[in-house]
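Throughout, read-outs are computed from the coordinates displayed, never taken from laboratory work. Everything numeric here is computed off the predicted structure, so don't read it as measured data. Quick reminder, even Gly has a Cβ in these numbers, built from the backbone with ideal geometry, and neighbours come from all protein chains shown.
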Amino acid sequence: MKDYTFLIDKAKEAKKFSYAPYSNFNVGAALLASSGKVYFGCNVENSSYGLTICAERVAFFKAISDGEREFEAIAIVSDGDDCMPCGACRQIMAEFCSPDFVVVLENKTFTLGELLPHAFEL
């Protein structure tokens, strides 16, 4: 598998912008588009917890709003141990990525197919 160490470093930079005054759990993500461009995301909390958005989705939405539709990998870092993407983030990934899409954590690497073997599809 390709070395995505550089993406971990980018995700650590993105984590610095996290807005997490309620959980104090900062998360950063760096999404590599097939074009070679890297999109950054951080978690953004809200006092109405349901409006909080994860770092992964921020990165994807930024990329999609810039016209990207093909992606290679995402790196995710947090203040704690490896931070697995939540179900909502996994489903967003499944909308735009193949099961071979790479999800890189600081200590582990997965494919999207391993994390979400039965994604919702129409």
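Taking 7 Å steps out from each Cα toward its Cβ at Ser65 and Asp82 produces label points 3.1 nm apart.
When Lys and Arg each count +1 and Asp and Glu each count -1, what net charge do the other residues less than 10 Å away from Asn43, Cβ to Cβ, add up to? Once positives and negatives cancel, what remains is 0. The slack between Asn24 and Ser98, meaning 0.36 nm per residue of separation minus the straight C-alpha distance, is 23.4 nm. For the stretch 38-45, the Karplus equation 6.51 cos²θ - 1.76 cosθ + 1.60, evaluated at θ = phi - 60°, returns couplings of 10, 10, 9, x, 9, 6, 10, 8 Hz by residue, with Gly and Pro reported as x.
Applying both filters, DSSP loop and at most 13 other Cβ atoms within 10 Å, to the trypsin sites (Lys or Arg not before Pro) of the stretch 1-105 gives Lys2, Lys16, Lys37, Arg69. Let me check I've understood the local charge: for Ala88, count other residues with C-beta under 10 angstrom from its C-beta, Lys and Arg +1, Asp and Glu -1. What total comes out? After counting each charged neighbour, the total is +1.
Under the simplified labelling scheme, the Lys108-Phe120 pair shows an inter-label distance of 2.4 nm, with each label point 7 Å from Cα along Cα→Cβ. Legend: ranking of residues Val104, Val38 from fewest to most surrounding C-beta atoms inside 10 Å; resulting order Val38, Val104.
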